[in-house]
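Asks: Here's a structure for you.
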Ligand SMILES: Nc1ncnc2c1ncn2[C@@H]1O[C@H](COP(=O)(O)OP(=O)(O)OP(=O)(O)O)[C@@H](O)[C@H]1O
Ligand SMILES: [Mg+2]
């Protein structure tokens, strides 16, 4: 039988055990450090490859992001606060699986679905490449503009590709596509309450562009196709491609030529040499609001002679005090009709003929959110009504004109008719 003192280790044994443990621990730490270093080097190399700088980068336009972060997540965070990253043509091919899934196309090119190596989904807009300046100008404007603009209601630009053959923009992917598909019947319906939220969110995005950016950004092409919806149907304004910076101190950008989409474009955009301000976006947003209220396109052409123009219908109903009835015929449930009436009034304010008479987008946001009284909107669309009136009364100054003097002065700022105005039977108010 052995005593307890026999089984207890001697001082030397304890010291040896401690040294052994320390040696093992040291080896483990060394291995860990080596592995971590290797992994870091691999990731950093991968990231450098992802954002490899093509030789022909135009340095004066956009800088390539310098990487200091060893993970893709960090890389994306960097993207969130820095300028867009430049990708190569080969990388875009890989991200889009050789452009296999088309999401849609618009005036400037085709949009494809893709994803980054870490699984983050993207939309790649490949711009039609022509030798014309316009395409390059649009590309540069968009990269420069979106690259400096972050807001929850604006689509994020992750990066771009620009070389001799390809110009492309890499955006965050918006799960539910564009609003027009829901308003005009291609996809399922969105509840009216959600549409109200979409309208308010869109207004906030535009208000940010107009009033909160360091330099005011005019969108020029606000329309339902440029309002994209994420997985929760939260709206984000897309395509600042036509936007140009203008100095906050300046009140307008002039001599820009025609921009935007007919049916949404403010009338002043059709005029030559008329000063264009950010209020052209307010007009387009008003047109978008009408389409939300009616859940239909504003213009429905039934025959070459007749077409049904919803905004005029809304004004006439408002004038007769029949907005509530109108919202009912639009299929809006009773619980939502008050908000729909309010939205119609906001729309009527937004589409005032004179840009100065239209409210700023921050006011539009407040009106849509409720809680602020809306003054009765003045009569819009004088330039359209004038035609009918002239048909009835050959001289505009004839007595019995339905225009009040103040209304007439509102329409005097139109100076010229353009071919597009003639084509769409838009006539100038006579002053
Ligand atoms: N970031 C995105 N996420 C998901 N789908 C997108 C994205 N960007 C565009 N799309 C889809 O691609 C379609 C085409 O977009 P595109 O901007 O090219 O055309 P548009 O908006 O109809 O016209 P415009 O050229 O005047 O902007 C959109 O309607 C939308 O369905
Ligand atoms: Mg678009």
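What follows is calculated from the coordinates using simple rules that are stated; it is not laboratory data. The model shown is predicted, which means the values in this text are computed figures rather than measured ones. Note that we place each Cβ from the backbone using ideal geometry, even for glycine, and neighbour counts take in every protein chain shown.
Asks: Restricting to Cα atoms and excluding each atom paired with itself, what does the Kirkwood estimate give for the range 274-394 in Å?
Replies: One over the average 1/r among Cα pairs gives 15.2 Å for the range 274-394.
Asks: Right, here's the next one. How would you rank 334, 305, going from fewest to most other Cβ atoms within 10 Å of each one's own Cβ?
Replies: 305, 334
Asks: Need the full-extension length gain, residue 121 to residue 99, defined as separation in residues times 0.36 nm minus the C-alpha distance. One decimal, nm.
Replies: Using 0.36 nm per residue and subtracting the Cα-Cα distance, I get 6.6 nm.
Asks: Which order results if 350, 161, 93 are arranged by neighbouring Cβ count within 10 Å, fewest first?
Replies: Fewest-to-most ranking of 350, 161, 93: 93, 161, 350.
Asks: What is the spin-label model distance, in nm, from residue 194 to residue 166 if the labels are put 7 Å beyond Cα along the C-beta direction?
Replies: With each label point 7 Å from Cα toward Cβ, the separation is 3.4 nm.
Asks: Okay, next question. To the nearest 0.05, how large is the calculated FRET efficiency for residue 369 and residue 319 if R₀ is 22 Å and r is the Cβ-Cβ distance?
Replies: Efficiency, rounded to the nearest 0.05: 0.30.
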